[in-house]
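Chemist: One structure coming up, written as structure tokens, with questions to follow.
Bear in mind these aren't lab numbers, they're just calculated from the coordinates by the rules spelled out. Owing to the predicted nature of the structure, the values given are computational and were not obtained by experimental measurement. Cβ placement follows ideal geometry from the backbone for every residue including glycine, while neighbour counts extend to all protein chains displayed.
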Amino acid sequence: MNTRYQKEKAFNAIIYFLEHTHVCNKKKTYKMLWFLDSEFFQIIGRSVTGYQYFAWKMGPVPTELHEAVDSDEADFREFFDVNRQDDGRYTTITFINKKPFDPKYFSKKEMELLSDLSARFDMATGQEMEDLTHRPGTPWYQVWTVEGRKQAPIPYEYTLSNLNPEDRDIIQSIAKDKEAFLANYQ
């Protein structure tokens, strides 16, 4: 992700989840974004946020966002305050949005998915969502356990494994066309 617009879109997705779910700490936020991007990829052949996810011990992590949080990046801090609570064993990190959600960044289909995910995972904890991402057959499981590529990128194409071959081919074709288009304009 490299455009200001794409960052603001991703940050607004986080704001939406903060405003529409309970107990949305850093872990849950990362998982909400993963489900947003992976499920949208299954429909449209692209992610919503533009993040690349990596297979870390606790599940898919958008490392660009993770680095922004850890380094107190100015763009991130413009949108969020970071609250760190340490109980001696664990540090819980939560985000407090400084701006209200702005829907101008999202298509109708993206808004529907934001709403659906928020309703589906409203009361879920980060740990419960981690458990979902760690199930056999998930993209994280494929990279982390089957391939043994810890900390490696999780290809979005892995989200297509449950589709029928015709639908999978269509989505992969759309994704490749998008990549080619973007390569010509960067």
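Chemist: Taking a ≥ b ≥ c as the square roots of the Cα gyration tensor eigenvalues, with a/c under 1.5 meaning rounded and otherwise prolate when a/b beats b/c, else oblate, which class fits the stretch 91-135?
Modeler: oblate
Chemist: Let me know the shape class of the stretch 73-158, please: from the alpha-carbon gyration tensor, a ≥ b ≥ c as square roots of the eigenvalues, rounded when a/c is under 1.5, otherwise prolate if a/b is greater than b/c, or oblate.
Modeler: oblate
Chemist: Taking the simple approach of a point 7 Å from Cα along Cα-to-Cβ for both residue 3 and residue 75, what is their distance in nm?
Modeler: Result: 1.2 nm between the two label points.
Chemist: May I ask which of 26/98; 7/31; 27/108; 28/108 have a Cα-Cα span longer than 22 Å here?
Modeler: Over 22 Å Cα-Cα: 27/108; 28/108.
Chemist: Counting only other residues whose beta carbon sits under 14 Å from that of residue 115, what net charge do I get with K and R as +1, D and E as -1?
Modeler: Summing Lys/Arg as +1 and Asp/Glu as -1 gives -3.
Chemist: Let me know the shape class of the stretch 14-164, please: from the alpha-carbon gyration tensor, a ≥ b ≥ c as square roots of the eigenvalues, rounded when a/c is under 1.5, otherwise prolate if a/b is greater than b/c, or oblate.
Modeler: It comes out oblate by the Cα gyration axes.
Chemist: Add +1 for every Lys or Arg and -1 for every Asp or Glu among the other residues with Cβ under 11 Å from the Cβ of residue 73, and state the total.
Modeler: Residues close to residue 73 contribute a combined charge of -4.
Chemist: Along each of its three principal axes, how wide is the spread of alpha-carbon positions in the stretch 29-92, in whole angstrom units, largest first?
Modeler: Ordered largest first, the stretch 29-92 gives principal extents of 42, 27, 14 Å.
Chemist: Also, I was wondering about something else. So which trypsin sites (Lys or Arg not before Pro) in the stretch 1-106 end up in coil per DSSP with only 15 or fewer other C-beta atoms within 10 Å?
Modeler: Loop-located and lightly packed - 57, 89, 98.
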